[in-house]
Amino acid sequence: MIELNRRMNATLEAMARALFQSWFVDFDPVRAKLDGRQPVGLDQETAALFPDSFEKSEAGHIPKGWSIEPVGQVVECVGGGTPSTAEPKYWEGGTHHWTTPKDFSSLQAPVLLDTDRKLTDAGIAKISSGLLPAGTLLLSSRAPVGYLAIAAIPVAINQGFIALKCNDSASNFFLLNWCQTNMAEIESRATGTTFAEISKQNFRPIHVVLPTKDLMADFSAKVAPFYAQITANLLQSRTLAKLRDVLLSKLLSGELSVADAALTGSPATD
């Protein structure tokens, strides 16, 4: 079941990326309307949200009525920090999630469900960006550049991230796919000798082509169920993995026999 969930999540991610590519990179619906054709796979209400022509911009031709803006002027981009690890009051008994790029290294989908370490209220107060709301898009800015995930939980970040606080002009689902599509440019703006790092100063000027707010909302509504299912699959797989580990530990210790494990009726976990 865990492997099935992994494959399902890969398919769901690919579906979201394909829709983003078609609508916001290749502009397929606009090209279809320009040629006098009905956009493939779109109902009339969605098709009506797309223009039927292009106009010139500093980034080349973009759909008429759309805009091009520096990403830092569309959404708020903030960084994080690390409270002193020598100060127990920041860490001991902490209940607030605090993440580093290390948490992202094992993610199988771009959704953050948990973190290795947690902070106290005093620890959160030491980070200028504080506790970011669920739904915030997180981009690792160093070690390495390019990990991406939408936080499914309120979370604080260390200095290895740029957090994008999204809005109705650019949703987290839109910007997740935009970052994935434009990762080569993001990485090209990284600097550093010991390790590459992209600063907020270098990230904010990157231009993003934005559709109307109605089309942004329509895209988000269409892909939201994909990411909701991805999150549900990740949660199920995490539960199954914990069950598998408990059963394996008991089998190895002799506390449970193979026959006893079979009688539990536990689902397959791989």
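None of the figures in this text is laboratory data; all of them are computed from the coordinates on show. In this text the structure is predicted, and so the values were computed from the model without any measurement. Methodologically, a virtual Cβ is constructed for each residue, glycine included, from the backbone with ideal geometry; neighbour enumeration extends over all protein chains shown.
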Projected onto the charge dipole of the chain (+1 at Lys/Arg Cβ, -1 at Asp/Glu Cβ, origin at the Cα centre), which of 181, 147, 224 gives the Cα projection farthest towards the positive end?
147
Partner lysines for residue 200 [C-alpha distance under 29 Å; skip if fewer than 8 residues away on the same chain]:
56, 102, 118, 126, 165, 213
Calculate the dipole size of the chain relative to its Cα centre from +1 charges on Lys and Arg beta carbons and -1 charges on Asp and Glu beta carbons; express the result in debye to the nearest 20.
320 debye
Work out how much length residue 143 to residue 224 would gain on full extension: take 0.36 nm times their residue separation and subtract the Cα-Cα distance, in nm to one decimal.
26.2 nm
Where a Cα-Cα gap under 26 Å defines reach, which lysines qualify for residue 250, not counting those fewer than 8 residues away within the same chain?
242
Rounded to the nearest Å, the spacing of the alpha-carbon centers of segment 200-219 and segment 24-58 is 18 Å
Computed, not fitted: 222 nm per-residue ellipticity of the chain from DSSP H runs ≥ 4 (each -39500 (n - 2.57)), nearest 500, equal to -12000 deg cm²/dmol
Show the residues, 5+ positions off or on another chain, whose built amide H is closer than 5 Å to the amide H of residue 112.
150, 151, 152
Gyration tensor on Cα atoms of segment 190-251, a ≥ b ≥ c root eigenvalues, a/c under 1.5 rounded, else prolate if a/b beats b/c, else oblate, says oblate
In the chain, whole DSSP H helices that both stretch 30 Å or further along their axis by alpha carbon positions and average at least -0.5 on the Kyte-Doolittle scale are 213-253
Enumerate the amide H contacts of residue 256 below 5 Å, restricted to partners 5 or more residues apart or on another chain; note that Pro and chain-start residues carry no placed amide H.
251
Overall Cα dimensions of segment 72-210, principal axis frame, Å, largest first
44, 37, 29
Per residue of segment 103-111, what does 6.51 cos²θ - 1.76 cosθ + 1.60 with θ = phi - 60° give for ³J(HN,Hα)? Whole Hz please, x for Gly and Pro, Karplus curve as stated.
4, 7, 5, 10, 5, 9, 7, x, 9
How high is the FRET efficiency between residue 181 and residue 236 when r is their beta carbon distance and R₀ equals 30 Å, given to the nearest 0.05?
0.55
Relative contact order (percent, whole number), segment 72-210, Cα cutoff 8 Å, 6+ residue spacing
29 percent
Expected output is a single nm value to one decimal: the length gained when fully extending between residue 122 and residue 53, i.e. 0.36 nm times separation in residues minus the C-alpha distance. What is it?
19.4 nm
With the chain treated as a Gaussian network of Cα nodes joined by springs under 10 Å, which of 86, 184, 221 yields the largest mean-square fluctuation?
86
Semi-axes a, b, c in Å (a largest) for the chain, each sqrt of 5 times a Cα gyration tensor eigenvalue, come to 38, 27, 15
Starting from the amide H of residue 119, placed 1.01 Å from N in the peptide plane, find each other amide H under 5 Å away whose residue is 5 or more places distant or on another chain.
95, 96, 97, 98
Just to be sure I understand the model, the point goes 7 Å from the Cα along the line to the Cβ. What's the resulting residue 193 to residue 40 distance in nm?
5.2 nm
Within the chain, what's the longest stretch lacking GluC sites (Glu not before Pro) that sit in DSSP loops with no more than 16 other Cβ atoms inside 10 Å?
93-254
Top positive-direction residue, dipole computed over the chain with Cβ charges, set 23, 72, 125:
125
